[in-house]
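The structure appears right after this line, and notes come after that.
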Amino acid sequence: MSLAEQMDTVTEDTAGTVDRHATTETFDSTDPGSGALVGVFPVHDADAVQETVDRARPAARQWAELGWDGRRQRLTAYRGYLARRLNELADLVHRENGKPHADAILEITLAIDHLAWAGAHARKTLGSRKVSAGMLAANHAAYLEYQPLGVIGVIGPWNYPVFTPMGSIAYALAAGNAVVFKPSEYTPAIGAWLAAAWRAAVPDCEDAFQVVTGFGETGAALCRAGVDKLAFTGSAPTGRKVMAACAETLTPVLMELGGKDAMIVDDDADVVAAADAAVWGAMSNGGQTCIGIERAYATSAVYDRFVAEVTAQVQKLRPGSDDEASYGPMTMASQTGIVRRHVHEATSAGGRVVRGEADPSLFPGEHYLAPTVLLDVPEDNVAIREETFGPTLTITKVRDAEEALELTNTSAHGLGGAVFSKSKERGLDLARRMRSGMTSVNSVLTFASIPALPFGGVGESGFGRIHGEDGLKEFTRAKAITRQRVALPVNLMSFSRPASATDALARVMGMIHGRHR
Ligand code: NDP
């Protein structure tokens with residue numbers, strides 16, 4: 001029986017593929033489009049979470065002892081397993097998260113690519129290397145290496161239920177840690193599937209990646225279970241709660257939070273390409289993308305053309321649950337109200353709405369939102385300042401790209417962003433000065449698909465980095481080692497050193513550094 005079939009047949013007794021522990025309480029996971037049951041999962045309490053973390057401890061040691069080659073081999077087996085069952089997992093993602101099957105395929109493909117990169121680059125990035133010992137310790141050899149932390153707690157959101165947590169899980173595992181993952185209460189089946197796939201692909205170290213399920217309290221229990229680091233992806237308000245819980249035990253945290261990403265469309269931009277990217281960046285996944293484009297600033301030279309092109313492209317979008325749909329339902333029903341409130345606040349403040357699809361008969365259910373473009377929204381409006389997380393895009397006319405950059409950078413968030421300009425220098429200059437962790441020039445979201453690039457934000461968008469070398473180092477501690485190669489006649493770090501030795505040292509320092517003004 002395939003894992004997908006197991007998912008279809010879960011009962012209260014088995015509660016999916018997650019170890020129940022002594023937990024009796026369960027919760028249902030449902031298809032956000034149809035309301036159909038996807039699976040029944042345990043609500044793990046603090047004891048169950050603690051047991052899981054305790055079981056991960058010896059697994060972490062075993063996993064670390066496998067060494068670079070042993071871990072790489074098993075991570076390769078894991079990605080092979082995921083790749084062979086790509087359609088099965090995509091089907092589950094479609095049913096539990098609501099996104100179209102094709103988007104699920106794209107998401108899983110990216111996750112597999114990151115797994116491959118993390119496994120292949122762990123030794124080179126983290127392995128022991130010799131560094132220069134410098135003048136004062138020239139008789140020593142100096143070594144730097146990045147050692148695993150132990151057990152990493154990962155708390156993930158529902159919007160990219162494979163790709164986003166895998167950004168922490170893959171890099172934490174590749175760095176030599178065990179992982180306990182708490183998926184969102186909206187996507188527990190996907191989390192359970194990922195852990196079941198691990199057990200199947202890596203049976204000799206199956207406890208190195210485990211899943212606990214439940215609501216916010218289960219996540220809070222993970223923060224307090226003595227994990228060596230907590231990687232959190234979610235909203236800033238929950239991030240604050242997670243940090244407060246982790247502070248009790250001085251557990252370090254990685255915070256991947258929300259965004260309000262902007263696109264700057266400069267005078268010389270390819271307007272058609274910019275509009276295409278803006279529509280995809282804003283509306284794909286129903287706008288439920290942390291690095292989605294929520295604001296566009298177009299210079300007065302291109303504004304009219306850009307608005308016309310975006311409007312034309314948005315007309316073609318259709319939300320739904322079928323294979324041809326542009327995007328699915330809102331995964332979390334309550335988000336629908338937030339998006340509608342933002343649109344209402346924008347129009348109440350004088351904003352104009354360009355609605356791509358106004359015919360309600362074309363909407364398959366109440367949790368499907370129309371792609372909505374908003375013009376002339378004041379900068380202090382909630383639709384410009386707060387994360388909307390729905391299929392909306394504001395377009396604002398600006399004098400020039402400098403004004404666009406200024407408005408972009410006033411946001412409290414600073415996750416990603418995009419610049420459209422035909423000039424390479426201008427595009428890169430604007431990208432560098434954008435206050436965000438990541439910026440794409442002449443495309444959107446591309447940075448997330450390049451495993452070598454770090455992913456993370458500034459300000460309200462959080463801190464720390466997943467992906468790339470920084471993402472591997474995020475789940476390690478730097479270890480410094482020195483080895484004395486030869487003993488010098490005079491040891492400066494000994495009570496036996498003669499007084500003349502420090503006088504000589506002061507003279508040498510004066511000669512080397514004192515001449516600089
Ligand atoms: P939430 O902040 O609501 O939840 C995130 C996770 O935290 C969920 O698993 C949730 O569990 C859990 N949680 C809730 N309360 C607590 C608590 N007190 N202690 C510990 N864990 C808790 O975010 P969403 O799931 O709604 O995700 C959407 C948000 O995530 C958006 O703001 C989006 O921008 C951001 N995001 C950021 C990304 C990035 O990389 N920067 C990537 C993707 C999304 P439960 O679901 O059971 O309540």
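The values are calculated or read from the model by the stated rules, or taken from the named source; none is laboratory data. Remember, it's a predicted structure, so these values are computed and weren't measured experimentally. Ideal geometry is used to build each Cβ from the backbone, glycine not excepted, and the neighbour counts take in all protein chains shown.
Report yes if some residue within the stretch 274-293 is over 23 Å from the mean Cα position of the chain (by Cα), away from the ligand (no atom under 16 Å from the Cβ) and among the aliphatic types (A, V, I, L, M); otherwise report no.
Checking the stretch 274-293: at least one residue is over 23 Å from the mean Cα position of the chain (by Cα), away from the ligand (no atom under 16 Å from the Cβ) and among the aliphatic types (A, V, I, L, M).
Take the stretch 181-223 and flag every residue that is among the aliphatic types (A, V, I, L, M) and out of contact with any Lys or Arg (no Cβ under 9 Å at 6 or more places or on another chain). I'd like the intermediate steps shown before the answer.
If we filter the stretch 181-223 for residues that are among the aliphatic types (A, V, I, L, M), which is where we start, we get 189-190, 192, 194-197, 200-202, 208, 211-212, 220-222.
Of everything in the stretch 181-223, those that are among the aliphatic types (A, V, I, L, M) and out of contact with any Lys or Arg (no Cβ under 9 Å at 6 or more places or on another chain) turn out to be Ile190, Ala192, Leu194, Ala195, Ala196, Ala200.
Which of the residues that make up the stretch 208-222 are in a helix (DSSP H, G or I) and either free of Cβ contacts under 8 Å to residues at least 40 places away in the same chain or more than 23 Å from Thr24 (Cβ to Cβ) (or both)? Please lay out each step first, then the result.
First pass over the stretch 208-222, keeping only residues in a helix (DSSP H, G or I): 208, 216-222.
Answer for the stretch 208-222, where residues must be in a helix (DSSP H, G or I) and either free of Cβ contacts under 8 Å to residues at least 40 places away in the same chain or more than 23 Å from Thr24 (Cβ to Cβ) (or both): Ala208, Gly216, Ala220.
Of everything in the stretch 162-187 that's outside any helix (DSSP H, G or I) and among the β-branched types (Val, Ile, Thr), which residue is farthest from the ligand (Cβ to nearest atom)?
Val179
For the stretch 253-273, indicate whether the set of residues that are under 25 Å from Lys99 (Cα atoms), part of a helix (DSSP H, G or I), away from the ligand (no atom under 11 Å from the Cβ) and hydrophobic (A, V, I, L, M, F, W, C) is non-empty.
So far as the stretch 253-273 goes, yes, one or more of its residues are under 25 Å from Lys99 (Cα atoms), part of a helix (DSSP H, G or I), away from the ligand (no atom under 11 Å from the Cβ) and hydrophobic (A, V, I, L, M, F, W, C).
Looking at Arg435, Arg465, which is the one that is charged (D, E, K, R) and more than 30 Å from Tyr303 (Cα to Cα)?
Arg465
Please go through (1) over 24 Å from the mean Cα position of the chain (by Cα); (2) within 16 Å of the ligand (Cβ to nearest atom); (3) modelled with pLDDT of 95 or more for Gly390 and return the number of the only condition it doesn't satisfy.
If we test Gly390 against (1) over 24 Å from the mean Cα position of the chain (by Cα); (2) within 16 Å of the ligand (Cβ to nearest atom); (3) modelled with pLDDT of 95 or more, just (1) comes out false.
Note down all Cβ pairs under 6 Å where the first residue falls in the stretch 227-243 and is in contact (Cβ under 8 Å) with a residue 12 or more places away in the chain, the second is assigned to a strand (DSSP E or B) and near the ligand (Cβ under 7 Å from one of its atoms), and they're at least six residues apart or on different chains.
Final answer for the pair search is Phe232/Ile155; Thr233/Glu256; Gly239/Phe232; Val242/Phe232.
What number of residues within the stretch 102-149 are buried (at least 20 other Cβ atoms within 10 Å of the Cβ) and part of a strand (DSSP E or B)?
The total comes to 2.
Please name all residue pairs, on different chains or six or more residues apart, with Cβ atoms under 9 Å, provided the first residue is in the stretch 150-161 and is without any contact (Cβ under 8 Å) to a residue 40 or more places away in the chain and part of a loop (DSSP other than H, G, I, E, B) and the second residue is aromatic (Phe, Trp, Tyr) and near the ligand (Cβ under 6 Å from one of its atoms).
Final answer for the pair search is none.
For Ala412, which of the numbered conditions (1) within 16 Å of the ligand (Cβ to nearest atom); (2) surrounded by 17 or more Cβ atoms within 10 Å (Cβ to Cβ) fails to hold?
Result: Ala412 passes all but (2).
Name the single residue, out of those in the stretch 203-212 being aliphatic (A, V, I, L, M) and more than 11 Å from the ligand (Cβ to nearest atom), that is nearest to Ala64 (Cα to Cα). Spell out the reasoning first.
Taking the stretch 203-212 first, the residues aliphatic (A, V, I, L, M) are 208, 211-212.
Adding the requirement that they be more than 11 Å from the ligand (Cβ to nearest atom) leaves 208, 211.
Working: Ala208: 10, Val211: 19 Å.
That would be Ala208.
Starting from the stretch 442-454, take each residue that is under 12 Å from Gly416 (Cβ atoms) and list its partners that are of a type in the set (Val, Ile, Thr) and surrounded by 17 or more Cβ atoms within 10 Å (Cβ to Cβ), counting only C-beta distances under 6 angstrom and pairs at least six apart or across chains.
Hits for this filter: Val444/Ile293; Leu445/Ile291.
Failed condition for Met243, given (1) surrounded by fewer than 23 Cβ atoms within 10 Å (Cβ to Cβ); (2) within 16 Å of the ligand (Cβ to nearest atom); (3) not in a helix (DSSP H, G or I), with all others met?
With respect to (1) surrounded by fewer than 23 Cβ atoms within 10 Å (Cβ to Cβ); (2) within 16 Å of the ligand (Cβ to nearest atom); (3) not in a helix (DSSP H, G or I), Met243 is out only on (3).
Are any residues in the stretch 18-77 closer than 30 Å to Thr331 by Cα and aromatic (Phe, Trp, Tyr), and if so, which ones?
Across the stretch 18-77, the qualifying residues are Phe27, Phe41.
With the requirement that a residue be in a helix (DSSP H, G or I) and surrounded by fewer than 24 Cβ atoms within 10 Å (Cβ to Cβ), what does the stretch 196-207 give you?
Just the residues of the stretch 196-207 that are in a helix (DSSP H, G or I), to begin with: 196-201, 203-207.
Matches in the stretch 196-207: Ala196, Ala197, Arg199, Ala200, Ala201, Pro203, Asp204, Cys205, Glu206, Asp207.
Please enumerate the residues belonging to the stretch 213-227 that are within 8 Å of the ligand (Cβ to nearest atom), over 17 Å from Ala22 (Cβ atoms) and crowded, with 21+ Cβ neighbours inside 10 Å.
Gly219, Ala220, Leu222, Cys223
Being touching a strand residue (DSSP E or B) at 6+ places or on another chain (Cβ under 6 Å) and modelled with pLDDT of 95 or more is the requirement here; does Val382 meet it?
On the way: touching a strand residue (DSSP E or B) at 6+ places or on another chain (Cβ under 6 Å): no; modelled with pLDDT of 95 or more: yes.
Spelling it out, it is not the case that Val382 is touching a strand residue (DSSP E or B) at 6+ places or on another chain (Cβ under 6 Å) and modelled with pLDDT of 95 or more.
Matching residues to (1) on the phi > 0 side of the Ramachandran plot; (2) modelled with pLDDT of 95 or more; (3) touching a Ser or Thr at 6+ places or on another chain (Cβ under 8 Å); (4) of a type outside the set (Ser, Thr, Tyr):
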position: Pro252; (1), (2), (3), (4): no, yes, no, yes
position: Glu256; (1), (2), (3), (4): no, yes, yes, yes
position: Ala262; (1), (2), (3), (4): no, yes, yes, yes
position: Thr289; (1), (2), (3), (4): no, yes, no, no
position: Ala296; (1), (2), (3), (4): no, yes, yes, yes
position: Arg318; (1), (2), (3), (4): no, no, yes, yes
position: Ser321; (1), (2), (3), (4): no, no, yes, no
position: Ser334; (1), (2), (3), (4): no, no, no, no
position: Arg340; (1), (2), (3), (4): no, no, no, yes
